[in-house]
């Protein structure tokens, strides 16, 4: 079967990582075309490409960034929900676009039960067609990149990595001032933000706050270097206002790195506070937890076991292959 995988493939975004992983899963049994909705140049160009490639079925990642394209193609499609489409406030026009995309989908994929429930609350057409396929984790291919050497940290410094694109929903400067006060008392703590600028209007003030707080900013890194930084950090921190299922947290957990995460709906569904991660609501709560932390390695081992049990690539691959194959059989 010829399958079109649609997503906005901006570097440094979870959508891009997820879409590429899904495409790889399907390539073993189907002919797959991966298309960047942020670069395709409009619906006419996408229709021409679909006709040229003989596309029979579509997998669209994100209800707003890919769903409307899939709906207007007029082909059967699976809609994979992300995080911002579920949890971020949207303009009325965008809300209608997402509702129509969900209504037109054959199947809607959520990464977890909490996300499926959220979809049902947002869109009356979602219940009955939503299936849960947990995100898989692939942490192969890490480089020999040395994050400590890059920021001038010593072997005894505690390095906290925030891996996020510079945009409002990720709020990478959320901890800046509290971290600066902590570092004034303990110079052996370091924080580094890794991620490309994704919002040119938001970035200047955000980066200024990071610099003023003594937080290192490395910009976007190639994926092998990012994986190395997650692996070698003393802890990985998520500061997002909202998440669906954070890929960076999953990757850190798979790599055996302790994680701290802001207490939003997606993070709370992924982590059990104090068991396989730490949830915090305020910057001060993060500092209190991180400065007194002695159980990080124990939590990290539990987290790695959760990843191995629930987020293996084989399970995700089987889920998407089953969706595509079963839809083909139903159509026949």
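Among the residues of segment 34-42, is any buried (at least 21 other Cβ atoms within 10 Å of the Cβ), within 23 Å of the chain's Cα centre (by Cα), under 26 Å from residue 127 (Cα atoms) and in contact (Cβ under 8 Å) with a residue 24 or more places away in the chain? No, the conditions are met nowhere in segment 34-42.
Taking the condition more than 29 Å from residue 59 (Cα to Cα) and either surrounded by fewer than 19 Cβ atoms within 10 Å (Cβ to Cβ) or not assigned by TED's automatic domain parsing to the domain that holds residue 61 (or both), does residue 252 pass? When the stated conditions are applied, residue 252 does not pass them.
For (1) over 23 Å from the mean Cα position of the chain (by Cα); (2) under 15 Å from residue 235 (Cα atoms); (3) free of Cβ contacts under 8 Å to residues at least 24 places away in the same chain, each residue gets a yes or a no:
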{"position": "260", "(1), (2), (3)": "no, yes, no"}
{"position": "265", "(1), (2), (3)": "no, no, no"}
{"position": "270", "(1), (2), (3)": "no, no, no"}
{"position": "276", "(1), (2), (3)": "no, yes, no"}
{"position": "280", "(1), (2), (3)": "no, yes, yes"}
{"position": "284", "(1), (2), (3)": "yes, no, no"}
{"position": "289", "(1), (2), (3)": "yes, yes, no"}
{"position": "294", "(1), (2), (3)": "yes, yes, yes"}
{"position": "297", "(1), (2), (3)": "yes, yes, no"}
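Just the residues that are in contact with a strand residue (DSSP E or B) (Cβ under 8 Å, 6 or more places away or on another chain) and either surrounded by 18 or more Cβ atoms within 10 Å (Cβ to Cβ) or under 19 Å from residue 256 (Cβ atoms) (or both), please, taken from segment 130-150. Lay out the reasoning, then the answer.
Start the filter on segment 130-150 by keeping residues that are in contact with a strand residue (DSSP E or B) (Cβ under 8 Å, 6 or more places away or on another chain), which leaves 130-133, 147-148, 150.
Answer for segment 130-150, where residues must be in contact with a strand residue (DSSP E or B) (Cβ under 8 Å, 6 or more places away or on another chain) and either surrounded by 18 or more Cβ atoms within 10 Å (Cβ to Cβ) or under 19 Å from residue 256 (Cβ atoms) (or both): 130, 133, 147, 148.
For segment 70-89, taking the residues that are without any contact (Cβ under 8 Å) to a residue 40 or more places away in the chain and surrounded by fewer than 16 Cβ atoms within 10 Å (Cβ to Cβ), the one that is farthest from residue 3 (Cα to Cα) is identified as 89. With respect to (1) part of a loop (DSSP other than H, G, I, E, B); (2) surrounded by fewer than 18 Cβ atoms within 10 Å (Cβ to Cβ); (3) modelled with pLDDT of 95 or more, the lone exception for residue 51 is condition (1). Being in a loop (DSSP other than H, G, I, E, B), farther than 20 Å from residue 9 by Cα and modelled with pLDDT of 95 or more is a description that does not apply to residue 192. So which residues in segment 1-19 are assigned to a loop (DSSP other than H, G, I, E, B) and crowded, with 22+ Cβ neighbours inside 10 Å, if there are any at all? The answer is 12, 13.
The values are calculated or read from the model by the stated rules, or taken from the named source; none is laboratory data. Remember, predicted model here, so these are calculated numbers, not experimental data. Every residue, glycine as well, gets a Cβ built from its backbone with ideal geometry; the counts of neighbours run over all protein chains shown.
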